[in-house]
Amino acid sequence: MAPPPPSAGQKRKVASDRHANASQAHKRQKFYDARVIPVQPAKAALSTNGELNVASFIKAREFEIGALERSMQKVKKTLNTRAFQQVPRHMRRRTASHNAKKVPKRLRKRAKREMKEDNTPTVTKRTRTPSRRLRLRLGTAKLIKQLNQKRKTVRQKKKEAFSNAKQSDPENHVSSTRISRLKKNTLVEAPRATVKYKKRQVNKTWLPTHLWHTKRAHMTRPTEPLWRMAIPMSPTEKSYRPSHRAAGTHGCIAWDTSYMSTVACQGTKSGLESLLKAFGFSPQNHSSSLQKKWTAGTRFAEGWIYERDNPREAIAPVKIIWCIQSEKKVSCGEAVQSEDRMNVDENDQAPASVSQAQAKGKARLNHRILIRIHPSAFHQFWQELLKVAKMQKPQVLVEDLRFEIGSIDIQGPGSTESLLGVLKPFPDTNDSIAAVWTSLAGLNNPAALPQNALLAFDIVDPRLNHPPTQVRISQSSDTSQLEEVLVAWPVDEKLISSRLSSHKERWQVSNSLPSQKAINRRRALAQPGQTPAISAKDPRIPVVIIASRSEDRYNSKASNPQGTWTILLPWACVDPVWRSLMYYPLSSGGTPRFGGLKQKQQLAFEQKIRWFPGDLPGTEAGRAWERTESEKRFDEWIRRPPKNRTAWDRVDLGLGRHGEVGQGWTCDWEFLFESSKEVVDQDFKPGSVHTKAKPDQPKPLLLTQRQRKAAKAEAQREARAKEDPARRRNTSSPESDEEEDIRPPTPIAEPQYTQLSDGAGISLLKNLPSTKLPSVPALMTIRIILLDKGTPAPAARIYRLPTLPKPAAKPTNVTATTETKLASQDQDQPQSWSTEPPPAQHPPATSTTDSSAFSSTNVIRDLRTRWLALDTKSDSISNSKPRVPKQMTNKFGLSRQQHVYPRESLARINVLPKHAPQEIVDKFGPNSAFGRGDGEMPKEKPKMTQNKKRGGGGKESDPSDKPTTAAKEHHAASKKNANEAEAGYLDPDDGPAPSSAPMQEFQKLLNASPPEDEWSKHPPCPDVCDLIGFVTSGGYNLAEGRGTAVGSVWAQRLVEGWKQEDQKDGDGANKTNPHTHMDRQRRLCIVRNAGESIGRLGIWEVCG
């Protein structure tokens, strides 16, 4: 039956009554079924003869009673509704199903009971996520509470000042201000962020100058902090060359290095010396007199620290300042010691021992040292420090001052001038150290100061003198006074006691700094053009200034490298000093520049010194840094399309070798150490691929983040498959086949290797027999200077010169094949090498012969001779630094070639009149000798024309090279056309059409150069057995005008090659004079960028 038609004005069709009736019938049936109680008829209790069966009757009644009870429960659940459903529909709320407070009070008990029976998750006031409005209300309430506390503190200070004004003796002054104690032997928490920026500092800490840097520099990504801090990486403006000029010749450049970690250790002098001895710390280049000055607190020391249990495992370089308490503080006695007394953890029982020591009159913990260490190695150092400190008797107490002391580094000729204009000593002090600081006006290089010089004094708040004014530079007549100060250095004669080492002093200075609003009010009240007067209430900011020199000591004869100022001051005082420093007007023009972490790396690279941790992969921090950088290079490589990224397995290394050595995007130390085991008991075959290893020997991989995730997912899938073998494999994975090929197997344990100390690296060159190397592979940091063109890049491969095989080894013949045969070989064959360390392969011959046999020794000697021929200078390049013109490159990284187009002949151009006589046309026409000479009289034919034609295109041919077939054909064609040429010198393009055929053949010879020409010009790189290390920092050095690099090499493999050369040349051949030609050959190396075929010759020296 069709529904009735809609009436006028009705938009929707009237629903049929069939649906409503069906719903009501279903509900009626549901109610009926719930109320029906099944019963058993009475006949079931009677027997066939009509007698009553008592047992059957009782069971029937039992069934009916149970059915009645079940029906009652069923009806209760079927016909009843929930408590929140009892509310009218217009008053119902969705949250009433899980929140009993959203229903009327008369139903709340029932709602709670129902939620408890159904295990409904409920929400309370404490577990509810606060809304935005609630968060603002809570933050406002907290600010009001802090404001009230601040007002209470101000009133208390006024009462203290009023009561202390009546006391003339400062010792009787009353101070009720509570100074928060710094916990000992525990890590401190980061400073609390303000409510406005609290959400931005959840997983990281801001530097004191973070808000200043965020608008002017590229920062680390918010979700990827570096060393748990937000660090500026580089300025937003172009700063590579300006930073180079500012740090060396013009102006200065500054860094906020507050991310550097500071640790304080307090104990007796013998206890601190024993602690440093346990770490293997030895001050670099310290004489006995300089050692005494360091322990007296007038100089600082720098050196390396090592693990206590493993003395050869380096941790990081450190700077140590020995802090000495002044005589006044020592004489005060109990009051000062009660304020600065250190409490240890409850488990250490140190307070009892200290009290016993005081009762027995033992030595007190009156010595303190400050240790500055890089944040990448802080946590490793902290764990070792706690173990070593607890072993000392009496125990050395440790403080974490990472967020207590900040620092600023500044470098350049104008660094001293800018610091003198900002760091002004307090005027009412009579400190001689402050007088020495002000007398340094005119100093343009901190390296001119005595070695490891240190200054400590108090300065005025630089905001009172903002903007800073230029410092008066001393004239030539006052230069003698500066020289006298540098020579005498009166700071060594006085005891330096810095207030920066006291937690109480730092806390008071940080909490007494006036706000910017108060500073502006005082500046407004001052006279125009004058700074506010300094009062006694102004905080005295303690600073410690140290002057460090560059590590580039080998180059100090030829140049004067710039030193660096480092200013240590309280954490809260870094921002005011930084802002004033950035606005100082330099006398040379402009203001100081600021730099980021990349500028630190750049200047270290230009000075050819190592940068921690990037250039020290033998340390734990260096391995972590290299792992991060390799992940970035891998991500950059994998994001490119396959046709635009480097094919590592197709890199042509010459001699039929294809495939990159190890992983091209990383410094593959694992491959280097494992290759020494794989090359044994194998024969070399041309056309082998380096990157493919044996299937039964998985190669250890330094996995990237993408690969580690894939390996972890694979391990989880295998674990689930073992638990449930019948589970069906998921074939709908979104991963592509290409990603499965790139994904490596499950990672295995990485090989252990360490960093070689500076002393061992230097003694390795001076006295090789007495040098002891560790049992595990040791890495030695070197600096490399290329002797010719080329720019090394990070992760470049470093080879030694091809080494000769051992005398007992039988030479193996190596057959050189043509390129067509090499291309036809199967690239999937496993790698095979010779029994001894495999020799470098002979380059393909330039002749057209099929094959030629060479002995192994001759092949290696020939390749070694070709590389040695590139070293044109026998003397050291340290003293004379020839500059190579910069090699221009295009956007693809290729060198820009100077194209010279051939001179166009004017023979076809007729400049004669239209009706010129025939004599004039024959003499000066296009076909005449004058016309073919481009309007000039023909020149005499050079004598070397025929020789040049034989060599091809005017280039002199090498007499040792054999002429090819195409060259012979060209020579015959040139002889055939010799009679047709006239006596004058003609251009190659001149002449009639028949003479152009030889030129076309000559052009084909230039364009179609065989692949052997590349290896005839550039010698192939040595084999895998001669790989000794990788480049960690490389590029074009603006200071040197050529390509330089800083890298690490495997010391054991280097020494092994030297010993083999000594056995070949005879014992004691070149041991008397270390500066012989043989010593220079030992330091020659070959650098090849990853993904490239050509290597460059260079020479290396030890860093340190």
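The values are calculated or read from the model by the stated rules, or taken from the named source; none is laboratory data. Treat the numbers as computed from the prediction; the structure is a model and nothing was measured. Glycine gets a Cβ as well: all are built from the backbone with ideal geometry, and neighbour counts include every protein chain shown. In case anyone asks, the SASA skips ligands and DNA or RNA and just uses the protein heavy atoms, side chains included. Shrake-Rupley method; radii C 1.70, N 1.55, O 1.52, S 1.80 Å.
Details
- Probe 1.4 Å, all protein chains present, accessible-area order of SER163, SER1033, SER243, largest first: SER163, SER1033, SER243
- Pairwise label distance in nanometres, ARG82 with ALA165, each label 7 Å out on the Cα-Cβ vector: 7.1 nm
- Couplings 3J(HN,Hα) of region 403-409, computed from phi: 10, 9, 10, x, 8, 9, 10 Hz, in residue order, whole Hz [Karplus 6.51 cos²θ - 1.76 cosθ + 1.60, θ = phi - 60°; x for Gly and Pro].
- Residue pairs, from the table LYS27/LYS76; LYS101/LYS142; LYS30/LYS76; LYS30/LYS74; LYS150/LYS517; LYS504/LYS537, whose Cα atoms sit over 20 Å apart: LYS101/LYS142
- Shape of region 397-549, Cα gyration tensor, a/c cut at 1.5: oblate
- Modelled spin labels at ARG35 and LEU134, positioned 7 Å past Cα toward Cβ, are 4.7 nm from each other.
- For LEU653, the residues 5 or more places off, or on other chains, whose built amide H falls under 5 Å of its own are HIS658, GLY659.
- VAL460 long-range amide H proximity, modeled H, under 5 Å: LYS424, PHE426
- Per-peptide average of other Cβ atoms within 10 Å, ordering 82-94, 1018-1030, 145-157 highest first: 1018-1030, 82-94, 145-157
- Modelled label positions at THR531 and PHE57, each set 7 Å beyond Cα in the direction of Cβ, lie 11.9 nm from each other.
- Loop trypsin sites (Lys or Arg not before Pro), region 381-473 (other Cβ atoms within 10 Å of the site Cβ: 15 or fewer; DSSP): ARG472
- Gyration tensor (alpha-carbon) shape descriptor, region 368-485, a/c threshold 1.5: prolate
- Ordering 536-546, 24-34, 486-496 by mean Cβ neighbour count within 10 Å, with the highest value first, yields 536-546, 486-496, 24-34.
- Order of exposure, largest accessible area first, which applies to ARG1082, ARG308 with probe 1.4 Å: ARG308, ARG1082
- Highest to lowest packing among 655-668, 272-285, scored as the average C-beta count within 10 Å: 655-668, 272-285
- Put simply, the C-alpha atoms of region 476-588 give a gyration tensor, and the ellipsoid matching it has half-axes of 33, 21, 17 Å, longest first.
- Solvent-accessible surface ranking, highest first, for ASP400, ASP118, ASP1062 at 1.4 angstrom: ASP118, ASP1062, ASP400
- Shown is the FRET efficiency for ILE920 and LYS1017, computed with R0 = 51 Å from the Cβ-Cβ distance and rounded to the nearest 0.05: 0.50.
- The stretch between ARG364 and GLU189 holds 60.1 nm of extra length on full extension. This uses 0.36 nm per residue minus the Cα-Cα distance.
- Phi-based couplings in Hz for region 437-443 (Karplus 6.51, -1.76, 1.60; Gly and Pro marked x): 5, 5, 7, 8, 4, x, 6
- Exceeding the 24 Å Cα-Cα cut-off - candidates LYS600/LYS772; LYS293/LYS390; LYS269/LYS387: LYS600/LYS772; LYS293/LYS390
- Couplings for region 502-512, taken from phi via the Karplus curve 6.51 cos²θ - 1.76 cosθ + 1.60 with θ = phi - 60°, read 9, 5, 5, 5, 5, 5, 5, 5, 5, 8, 9 Hz in order; Gly and Pro are left as x.
- For THR619, residues with placed amide H under 5 Å, excluding near neighbours: none
- Two-site FRET efficiency, ALA524 against TYR583, from Cβ-Cβ distance with R₀ of 25 Å, rounded to 0.05: 0.85
- Linear extension gain, ALA647 paired with LYS112, 0.36 nm per residue minus alpha-carbon span: 185.8 nm
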